[in-house]
Amino acid sequence: MSNKKLVIGIAAGAAVLAGAALLLAKKRSNNKYRAHVEEAKEHFKHKLDKLQQKARKEYKNAAGKTGNAVNVAADRAREWAGNTAKV
């Protein structure tokens with residue numbers, strides 16, 4: 001009977017240790033992945049900031065080009081209106 005209790009005690013101890021090992025391994029892997037996620041987040045944030053700056057610059061350039069195109073079209077319309085009035 002004492003051998004049976006010894007075997008049950010050893011098995012119970014091994015099960016507790018295995019459970020604790022699993023919990024520690026899970027916690028360590030979560031920390032490992034968390035570091036990778038934080039690194040990827042910072043990298044993505046940096047790329048997004050660069051993209052936003054580029055978009056703002058392109059928007060300003062497009063606004064200037066649109067204004068120039070409108071002015072050219074208005075000049076052509078005035079010129080055309082002037083030419084048709086002479087005919």
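Helical runs assigned H by DSSP (4 residues or longer) give the chain a calculated mean residue ellipticity at 222 nm of -37500 deg cm²/dmol, each run adding -39500 (n - 2.57) before division by the residue total. Here the simple spin-label model places points 7 Å from the Cα toward Cβ, and for Lys57 and Trp80 these points are separated by 3.6 nm.
Net charge in the neighbourhood of Ala21 (other residues with Cβ under 13 Å of its Cβ; Lys, Arg +1, Asp, Glu -1) is +3. Extending 7 Å from the Cα toward the beta-carbon at both Ala21 and Leu48 defines two label points whose distance is 4.1 nm. Only lysine pairs 8 or more places apart or on separate chains count here, and in the chain those with Cα atoms under 24 Å apart total 16.
The slack between Lys41 and Thr66, meaning 0.36 nm per residue of separation minus the straight C-alpha distance, is 5.3 nm.
To the nearest 10 degrees, how steeply does helix 2-86 sit against the main Cα axis of the chain, on a 0 to 90 scale? For 2-86 against the chain, the angle is about 0 degrees.
Would you mind working out the magnitude of the charge dipole of the chain relative to its Cα centre, with +1 at each Lys and Arg C-beta and -1 at each Asp and Glu C-beta, to the nearest 20 Debye?
Details: 19 positive and 7 negative charges, 61 e Å.
In debye, rounded to 20, the chain gives about 300.
With K and R counted +1 and D and E -1, the other residues having a Cβ less than 15 Å from that of Lys57 yield a net charge of +3. If the convex hull of the alpha-carbon atoms of the chain is projected onto planes in all directions, what is the mean projected area in square nanometres? Convex hull of Cα atoms, orientation-averaged projection: 9.6 nm².
The numbers here are math on the coordinates, done by the rules we state, and not lab data. On a predicted model such as this, the values are computed, not experimentally measured, just so you know. No Cβ is skipped: glycine too gets one built from the backbone with ideal geometry, and neighbour counts run over all protein chains shown.
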